[in-house]
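Down below is the structure, laid out as structure tokens.
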Amino acid sequence: MKSQDIRAKFLEFFKSKQHDIVPSAPMVLKNDPTLMFTNSGMAPFKEFFLGNATPKNNRISDSQKCLRVSGKHNDLEEVGYDTYHHTMFEMLGNWSFGDYFKKESIAWAWELLTEVYKIPKNILYITVFEGDEKDGTKMDQEAYDIWKQYISEDRILMGNKKDNFWEMGEQGPCGPCSEIHVDIRSTEEKAKVDGKSLVNEDHPQVVEIWNLVFMQFNRKANGSLEDLPAKHIDTGMGFERLCMVLQNVQSNYDTDVFTPLIREIETITGVGYGKDEKVDIAIRVIADHVRAVAFAIADGQLPSNNGAGYVIRRILRRAIRYGFTFLNKKEPFIYKLAETLAHQMGDAFPEIRKQDTLVHNVIKEEEASFLRTLEQGLLLLDRVIETTQGTTVSGKKAFELYDTYGFPLDLTQLIAREKGYDVNEEEFNAGMKAQKDRSRAASASETGDWVVLVEDEVEEFVGYDTLSVDVKLTRYRKVTTKKDGDQYQLVFNMTPFYPEGGGQVGDKGFIEAPNGDVIYVIDTKKENNVIIHFTKNLPKNLNETFKAVVNDEFRRLSASNHSATHLLHQALRTVLGDHVEQKGSLVSPDYLRFDFSHFSKVDKDQLKEIEEFVNARIRENLPLEEKRNIPMQQAIDEGALALFGEKYGDSVRAIRFGQSMELCGGTHVQQTGDIWYFKIKSEGAVAAGIRRIEAITNVAVGEYFEDVERNFNSVKQLLKNPKDIAKSVSSLQDENSALKKQIEQLLKDKAKNMKGELKNQLQEVNGVQFLATKVDLDQNSIKNLMFELGGEVNNLFILMATSASPEKAMLTCYISKDLANERGYDAGKVVRELGKYIHGGGGGQNFFATAGGKNPGGLPKVLEKAKEYVV
């Protein structure tokens, strides 16, 4: 059975059980501070489990794209070494939100596996939660009794809390679970070892394929459990593992989920799979990682140096270095797999096909960049090895290579071994641990339980229509972080505060008590469909009615910039073409940032046209046309643009200004004239195929023009108030150019006159004409002078030092090529070692090299030590 059919049969089965089949949510999570990525099938539905929202249908099923790079069985550095763990994977799931529970969930799982997929019952094992004394939870007798109806009791095994109690996080909904394991070993192997002894023992052919979670508890901050108001079902079946079972293979990588990618890797690299274990691991790593990276990019997360973007970059770089080391690929090639992936999975996940060009270009650029970094790392590693005393490379140095250049330990070890060196792994691990400890300490937070004041209140956002409203506090919690100290998170029955989302920053303002006491709202965010107000203090009387007031100026300027992004999007598509899509944005009161797909620099004329287009729409004073809570499909049919990487519900809000119409939850001006004026400040590249425009509107434009006028008047005053400023500046440039030429000639003459003096200072040491001296010349003159001397003097070894300022020193070394080639002198090594005395470094060729540093005070020591290289 092909993988496409396996996925389709799962969804068809649960559709027949009255489940709504929903598309996969983006793999990149927004509005959830606890997760960067969707790491399980249930993550997109947390708001339903928490009771913060109600689904249209209490029964849902889907195939969800997930990403895991840490946690149980799944450290990134282990992926590729076994045959059944992955970074990106599909999770087939079915959910019940307060509808059916254990009986139906177990019955349907058994029916699907044994009757639809025809998996033999005698290769299945079931695990049931055995209870936990510390938690005060008992063995899941109910699940055990239901399972007895379908499978013999000797195949029902007890599982501990680690394996059979599922938790969303340190706090929140949780419950016991039943795992379904499959034993696909050969008959001979089964005769030797009973399969039940291999369950949950990381055996590659005895694996869990489906986990049925019975969500019935809530974990509080103090670790205790309480019953949830309603019981839920959350199941997750590993699609890749299911395909392994149904396609009768022993590895996930032998299924048609991965074989098209593996075949393409073999074709591109000319290296065969299945012949060498190290090569096989590399191919598995690349096949796995390209899926994770491609889908993350397609869902809106570009590789970067922080947060979720750093995770994606790290995954891709791991794939690149395996190709570099084990497949001997020194040029970009992984990007070529994007087309295969789009063809293979585009029907189930249309976004990977739609974003194929973007994925292709971003991966290609990232590959080229990191391959350059690898080359740089190799040079640095060579220097580290050269200066190593003994045969063990410093683990601290190895960690510096990893931390600064992304140079992995295993590659450092591989290269060191080839040269006869070991690496101090303990020192490296100590550096890694210290880094992780610093990271954990910086992000560590202590979050208390929600203190509920009013039950069953449904929070309402009224901020589209008013900036102040009377509210009641429904719940709050205290959060303590190292960075911000103690803060409180407040939730009200209604709120005018817009929470951060859609690129727009969260509102600020205050909460006023009846007695006039004010508590300032310093930020507003949305977490699992709940609007949370951040404050430094808690109201004294929690049960009073408060007035919630949004900072009018903050909101007005944010709205101005947000509406401008819609007009900018329209302008870009009009001027550059319909291929332009929004790839990210930031809307604050001060400025706006807009990322978009485009594969070349936007030239000055195009930027001017874009700016004029937006300002023309502003002058038209187009009114805001808003449609709230309309069906998603209706909005699309009416021409609304759905934005890249966003998760939309069944009902949406559409914003129109003239011909610009987009799905958007943000705040906007009532008419475009309120924006006043739009000014582009900069345009540049963010990543391959992604450009960024930063712009300002409203008050910021006024401040910008005032600043321009102030600078203009300052320049005018410096030029003695000429009638034609441009002409005056041009005259100054001509005069400056003439003076530069005079200075260059003077320096040439000075160097020419100095050449004879330097010749007279040469000393013969061991057959070498040696000189180390300090000079007052620029670098170009020093280089020319050295090569002239080299043409006139045989066996020359000369080092010149100069200091252009109290904080800058330079060394330049020239060695005759005969000396360098025949006697092993190396100018690069000389400047690297002597550069330490000026707190710097450098390099070059064996006959000519330079170094720079920040300590001119070290130059006398440099000149003293230089002679040691020829004695």
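Each value in this text was obtained by applying a stated rule to the coordinates, not by laboratory testing. Just so it is clear, the structure is predicted and the values come from calculations on it, not from any experiment. So basically every Cβ, Gly included, is an ideal-geometry build from the backbone, and we count neighbours across all protein chains shown.
Please compute the volume of the convex hull spanned by the alpha-carbon atoms of segment 446-550 and report it per residue in Å³.
Details: hull volume 10.5 nm³, N = 105.
It comes to 100 Å³ per residue, whole-number rounded.
When only Cα pairs under 8 Å and 6 or more residues apart are kept, what is the percent relative contact order across the chain?
Values: 1575 pairs, mean separation 56.0, N = 871.
Taking the mean separation of contacting Cα pairs over the length of the chain, I get 6 percent.
At a Förster distance of 56 Å, what's the computed FRET efficiency of residue 472 paired with residue 117, Cβ-Cβ distance as r, to 0.05? Numbers along the way, then the final one.
Details: r = 52 Å, r/R0 = 0.93.
According to the calculation, E is roughly 0.60.
Just for the Cα atoms in segment 1-105, what are the lengths along the principal axes, largest first, rounded to whole Å?
So the extents along the principal axes, rounded to whole Å, are 40, 40, 25.
Normalized C-alpha radius of gyration of the chain, against 2.2 N^0.38 Å?
On the way: Rg = 33.4 Å, N = 871, 2.2 N^0.38 = 28.8 Å.
Cα-based Rg divided by the globular estimate yields 1.16.
Sequence neighbours fewer than 8 away in the same chain don't count; with that in mind, list the lysines whose C-alpha is under 22 Å from residue 681.
Of all the lysines, those that pass the test against residue 681 - Cα under 22 Å, at least 8 places apart if same chain - are 583, 601, 604, 608.
When the Kirkwood radius is taken over all Cα pairs of segment 3-257, what Stokes-Einstein diffusion coefficient follows at 37 °C and 0.692 mPa s, in µm²/s? Could the numbers behind the result be given before it?
Values: Rh = 18.7 Å.
Taking Rh from Cα pairs, D becomes 176 µm²/s.
Quick check: Cα centre of segment 15-66 to Cα centre of segment 578-656, how many Å?
Value for the Cα centre distance between the two parts: 27 Å.
In what sequence, highest mean first, do 274-281, 792-799, 402-409 appear when ranked by Cβ atoms within 10 angstrom?
The densest-packed peptide leads the list: 792-799, 402-409, 274-281.
Between the helical axis of 356-386 and the dominant principal axis of the chain, each derived from Cα atoms, what acute angle in degrees is found, rounded to the nearest 10?
50
Using alpha-carbon positions, what is the distance between the centroids of segment 180-225 and segment 483-519, in Å?
45
Working from the pairwise distances between different alpha carbons, so that the mean of 1/r is found and then inverted, what is segment 336-455's Kirkwood radius in Å? Provide the component values of the computation, followed by the final result.
On the way: mean 1/r = 0.0551 Å⁻¹.
For segment 336-455, the Kirkwood estimate is 18.2 Å.
Check cross-link reach from residue 396 to the aspartates and glutamates: straight Cα distance under 17 Å, and skip same-chain residues fewer than eight apart.
382, 386, 410, 422, 425, 426, 427, 437
Using the Kirkwood formula on the Cα atoms of segment 752-869, what hydrodynamic radius do you get, in angstrom to one decimal?
Values: mean 1/r = 0.0720 Å⁻¹.
Radius from the Kirkwood sum: 13.9 Å.
Cross-link partners among aspartates and glutamates for residue 436, C-alpha distance below 13 Å, same-chain residues fewer than 8 apart left out?
403
Translational diffusion coefficient, Stokes-Einstein: compute it for segment 234-367 using the Kirkwood radius over C-alpha pairs as Rh, at 20 °C and 1.002 mPa s, and state it as an integer in µm² s⁻¹. Kindly include the intermediate steps, with their values, before the conclusion.
Working: Rh = 15.3 Å.
Using the Kirkwood radius from Cα pairs, D works out to 141 µm²/s.
Can you figure out the FRET efficiency of residue 225 with residue 621, using R₀ = 56 Å and their beta-carbon distance, to the nearest 0.05? Please list the in-between numbers first.
Numbers: r = 58 Å, r/R0 = 1.04.
With R0 = 56 Å, the Cβ-Cβ based efficiency is 0.45.
For the pairs 17/65; 472/526; 56/547, flag any whose C-alpha to C-alpha distance is greater than 26 Å. If you can, show how the numbers build up before the last one.
Details: 17/65 23 Å; 472/526 18 Å; 56/547 33 Å.
Pairs exceeding the cut-off: 56/547.
Using a Debye calculation, one point per C-alpha and no hydration shell, please list log10 I(q)/I(0) for segment 80-214 at q = 0.20, 0.21 Å⁻¹ in order.
-1.38, -1.48
Could you run the Debye sum over the Cα atoms of segment 689-812, one equal point scatterer each and no solvent, and tell me log10 of I(q)/I(0) at q = 0.12, 0.19, 0.23 Å⁻¹, two decimals?
-0.72, -1.05, -1.26
Going down the list 162/231; 741/867; 525/647, which pairs span over 27 Å between their C-alpha atoms? The partial results should precede the final answer.
Values: 162/231 21 Å; 741/867 37 Å; 525/647 16 Å.
Those over the limit are 741/867.
If one computes the Cα centroid of segment 115-172 and of segment 366-428, what distance in Å separates the two points?
Spelled out, the Cα-based centre of one part sits 47 Å from the other.
Show me, bin by bin at 5 Å from 0, the whole-percent P(r) of segment 555-706 based on Cα pairs.
Calculated P(r), rounded to whole percents: 2, 10, 20, 23, 22, 15, 7, 2, 0, 0.
When the scattering of segment 214-272 is computed by the Debye formula from its Cα atoms alone, each counted once and equally, what is log10 I(q)/I(0) at q = 0.14, 0.18, 0.19 Å⁻¹?
For segment 214-272 at q = 0.14, 0.18, 0.19 Å⁻¹, log10 I(q)/I(0) is -0.61, -0.71, -0.75.
Grab the Cα-Cα distance for residue 339 and residue 405, subtract it from 0.36 nm times how many residues apart they are, and report the gain in nm with one decimal. Working shown, then result.
On the way: separation 66, 0.36 × 66 = 23.76 nm, distance 2.95 nm.
Additional length available on full extension: 20.8 nm.
Listed here are the pairs 752/865; 134/196; 196/278; which of them are more than 29 Å apart at the Cα? Intermediate results must be reported in sequence, preceding the final value.
Details: 752/865 27 Å; 134/196 26 Å; 196/278 31 Å.
Beyond 29 Å: 196/278.
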